Amino acid sequence: MSTDTDIGILLGLAYGAFVEQMHADLGARGFDDLGRSYGYVFRVLADGDRSLSDLAALLEMTLPGAAKIVDEMEARGYVERHADRSDRRVKRLRLSPRGRAALRAARAFHRRFERRLADGPALRAALEAIAGEPPAGSAPRYVRPV
């Protein structure tokens, strides 16, 4: 790779390579049907059950877009819907046992990948500095699907 490659391009290429390796690893572990945006939903639901509208808002996407992803994930056994205790009209989303297992496998891959880097802690610190911190008191930030 040329040293005059723009840093943004280099970051994008590195992220793409990371995602390809992660999907290959997860596929070998029995999670070969993961959609491109599932990881974002896994992260949000790992924090607890959410309504579809909460999920869409946290991922900064439309309600129909979130519904499409959740429908796919439910059909593949990663997400379950259940009635809200206080409002039976609302369906809550949660990770199924298969979804929790996929998330554990992905997080294990992340840890292994970071350990493989020559200077993982320094790289992590640099990436955190680039990404910045959310404003104090704001909701957690989730990278939205592209």
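Readers should treat all values here as calculations from the given coordinates under stated rules, not as data from a laboratory. All values derive from a computational prediction rather than experimental measurement. Quick reminder, even Gly has a Cβ in these numbers, built from the backbone with ideal geometry, and neighbours come from all protein chains shown.
Going by how many other Cβ atoms sit within 10 Å of their own, how do ASP87, ASP33 line up, fewest first?
Taking fewest neighbouring Cβ atoms as first place, the list is ASP87, ASP33.
Near ASP49, within a Cβ-to-Cβ distance under 15 Å, what is the net charge of the other residues, with Lys and Arg +1 and Asp and Glu -1? Kindly include the intermediate steps, with their values, before the conclusion.
Numbers: positive: ARG43, ARG50, ARG81, ARG85, ARG88, LYS91, ARG92, ARG94, ARG100; negative: ASP47, ASP54, GLU74, GLU80, ASP84, ASP87.
The answer is +3.
I'd like the trypsin sites (Lys or Arg not before Pro) in the range 1-105 restricted to DSSP loop residues with at most 12 other Cβ atoms within 10 Å, sorted by number. Write out the running numbers ahead of the final one.
Details: sites: ARG29, ARG36, ARG43, ARG50, LYS68, ARG76, ARG81, ARG85, ARG88, ARG89, LYS91, ARG92, ARG94, ARG98, ARG100, ARG104; in loops: ARG29, ARG36, ARG76, ARG85, ARG88, ARG89.
Counting only loop positions with at most 12 other Cβ atoms within 10 Å, the trypsin sites (Lys or Arg not before Pro) in the range 1-105 are ARG36, ARG85, ARG88, ARG89.
When only alpha-carbon atoms count, how far does the range 1-57 stretch along each of its three principal axes, as whole angstroms with the largest first?
Sorted from largest, the Cα extents of the range 1-57 read 46, 30, 15 Å.
Using Cβ contacts closer than 10 Å as the measure, can you line up TYR40, TYR78, TYR15 from fewest to most? Intermediate values should be presented prior to the final figure.
On the way: TYR40 20, TYR78 26, TYR15 10.
Going from sparsest to densest Cβ surroundings: TYR15, TYR40, TYR78.
What's the FRET efficiency of ALA122 with ARG100 using the Cβ-Cβ distance as r and R₀ = 30 Å, to the nearest 0.05?
Numbers: r = 32 Å, r/R0 = 1.06.
The value I calculate is 0.40.
In whole percent, what relative contact order does the chain give with Cα contacts below 8 Å and a gap of six or more residues? Show your work: numbers first, answer last.
Values: 113 pairs, mean separation 39.0, N = 146.
The normalised contact order for the chain reaches 27 percent.
Apply 1/(1 + (r/R0)^6) to the Cβ-Cβ distance of ALA17 and HIS82, taking R0 = 35 Å, and write down the FRET efficiency to the nearest 0.05. Let's see the in-between values first.
Details: r = 38 Å, r/R0 = 1.08.
Calculated value: 0.40.
Find how much the distance from ASP71 to ASP4 grows on full extension, using 0.36 nm per residue of separation minus their present alpha carbon separation; answer in nm with one decimal.
Numbers: separation 67, 0.36 × 67 = 24.12 nm, distance 4.32 nm.
Residue separation times 0.36 nm, minus the Cα-Cα distance, leaves 19.8 nm.
Each label point is 7 Å from the Cα along the Cα-to-Cβ direction; what then is the distance between the points at ASP54 and ARG89, in nm?
1.8
In nanometres, what is the gap between the two model label sites at ARG29 and ARG112, each 7 Å from Cα along Cα-to-Cβ?
Going from the ARG29 label point to the ARG112 one covers 0.7 nm.
Counting each pair of different Cα atoms once, what's the Kirkwood radius of the range 33-131 in Å, rounded to one decimal?
Values: mean 1/r = 0.0672 Å⁻¹.
About 14.9 Å, per the Kirkwood formula over Cα pairs.
Show me the helices of the chain, taken as full DSSP H stretches, that run 24 Å or more along their long axis by Cα and average -0.5 or above in Kyte-Doolittle hydropathy. Provide the component values of the computation, followed by the final result.
Working: long enough: 7-28 (32 Å, 1.08); 97-116 (29 Å, -1.31).
In the chain, the long hydrophobic H runs are 7-28.
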